[in-house]
Amino acid sequence: MISENNLIKKRIMVLGSNGMLGQGLTQYFMFKRDVELFCASFEDNSFFPEVEYSKVDISSPREVKRLINNFCPDVVINAAAYTNVDGCESEKELAWKVNVTGVENIVKYIKGCKAHLIHMSSDYIFDGTAGPYHETDLPNPISYYGKTKLAAENAIVSSNVHYTIIRTNVLYGPTKFGRPDFVKWVVNSLRNQERIKIVNDQINNPTYIDDLISAIAKVIETKKKGIYNIGGSQLLSRLEFTYKIANYFDLDKSLITEIVTAELHQPAPRPLKSGLVNLKAETELGYRPHKIDETLFLMKRYLNGS
């Protein structure tokens, strides 16, 4: 038997570890015997005190340099971002600092460690007129958030680091801390007899968080470079997704009001006919996303305390 001391551990750094995806990644890697994990986020404290953690502002070159040089990771997973799509329209400087300058800082300082950068991107780099999108389709962001995510991709691609960019959309799944994901919000709202307005003209393939994490783990294992779409198994409108949730949890669908996106008068335009084609990831990574009903079964167990 190989002792734990004889294992060659892979040094993995998760940036944005307090976010939804970051929490899932932390829980996935923290008990892996062949992984030495380091977490960092913008908050003072980690949700996981048993894991080594540092507060970091990725827009600060000095902080990023110190963080990376001290740990010298083999892999950096960047799940840190300013993701408030409407907030990005009014706080453009902050959005650029976090989503673009922050990524440029990471790229600059991982070169010394020759680390593999795995960066999380979004379907918001597309305009939503002709989805679902392949990795090779021409980006055309229509929101400032989308523009920052595309600029970050360009900064990575034009560098000479070993990178993998993962584009995803409508992430959902069990998360203990922070704001609820879409499924949890729908379930809680309808259980509380609250009326909710849901758009019928935004089309995506919602991505279960554990599927995304398994894809990231596969990227680390295979060291694949390039851009990969990681989305869910089914393309459907946000309204259809909501009805699926309501049906599965046996909730009152009469509380759901069907609207179009324009009625929300949001500051940032949304890509409507969107979604991501998973074929490349299925072929090269063996990616196999769960069916929506399977994920709702898992979510029901989680929300019911199982």
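Only the coordinates and a few stated rules stand behind these numbers; no lab work does. All of these numbers come straight from a predicted model, not from anything done at the bench. Ideal geometry is used to build each Cβ from the backbone, glycine not excepted, and the neighbour counts take in all protein chains shown.
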### Query
So who's got an amide H within less than 5 Å of the one on V277, skipping anything under 5 residues away but keeping other chains? H placed 1.01 Å off N, in plane.
Y133, H134
### Query
At q = 0.07, 0.13, 0.14 Å⁻¹, what is the log10 ratio I(q)/I(0) for the chain, with the Debye formula run over Cα points and no solvent?
-0.27, -0.95, -1.11
### Task
Step through the residues of the stretch 12-24 one at a time and calculate ³J(HN,Hα) from phi using the Karplus curve (6.51 cos²θ - 1.76 cosθ + 1.60, θ = phi - 60°), rounding each to whole Hz and writing x for Gly and Pro.
10, 10, 10, 9, x, 5, 8, x, 4, 5, x, 4, x
### Query
Using 7 Å Cα-to-Cβ label points, what is the D57/I196 separation (nm, one decimal)?
3.6
### Task
Take the stretch 239-306, drop everything but the C-alpha atoms, weight them equally and run the Debye formula without solvent; then report log10 I(q)/I(0) at 0.12, 0.17, 0.28 Å⁻¹ to two decimals.
-0.54, -0.93, -1.15
### Query
Residues of the stretch 235-277 with amide nitrogen under 19 Å from the 7 Å Cα-to-Cβ point of N84?
265-270
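Just from its helices, what would the mean residue ellipticity at 222 nm be for the chain, if runs of 4 or more DSSP H residues each count -39500 (n - 2.57) and the sum is divided by every residue, rounded to the nearest 500 deg cm²/dmol?
Using -39500 (n - 2.57) per qualifying helix, the result is -10500 deg cm²/dmol.
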### Message
Residue by residue through the stretch 93-100, what is 3J(HN,Hα) from phi via Karplus (6.51 cos²θ - 1.76 cosθ + 1.60, θ = phi - 60°)? Round to whole Hz and write x for glycine and proline.
### Response
5, 5, 4, 5, 4, 6, 7, 10
#### Entry: Coarse-grained scattering of the stretch 176-306 at q = 0.12, 0.20, 0.21 Å⁻¹, given as base-10 log I(q)/I(0) from a Debye sum over alpha-carbon atoms
-0.54, -1.23, -1.29
### Query
³J(HN,Hα) across the stretch 111-128 via Karplus (A = 6.51, B = -1.76, C = 1.60, θ = phi - 60°), whole Hz, x for Gly/Pro?
4, x, 8, 6, 7, 8, 8, 10, 10, 8, 10, 8, 5, 6, 6, 9, 8, x
### Query
Most mobile of T129, T207, T148 per a Gaussian network model of the chain (Cα springs, under 10 Å)?
T129
### Cβ-Cβ FRET estimate between I259 and L138, R0 fixed at 22 Å, reported to 0.05
0.15
### Query
How long is the gain from K300 to N45 if the chain were fully straight, where each residue apart is worth 0.36 nm and the alpha carbon distance is subtracted?
88.9 nm
### Task
Alpha carbons only, please: Rg and Dmax for the stretch 1-115, in angstrom.
14.9, 58
### Task
Show which lysines lie in cross-link reach of K176 when reach means a straight Cα distance below 18 angstrom and same-chain residues fewer than eight apart are skipped.
K184, K300
### Cα-based reach from K114 at 17 Å (exclusive), listing lysines while leaving out same-chain residues under 8 positions away
K9, K10, K65, K223, K224, K225
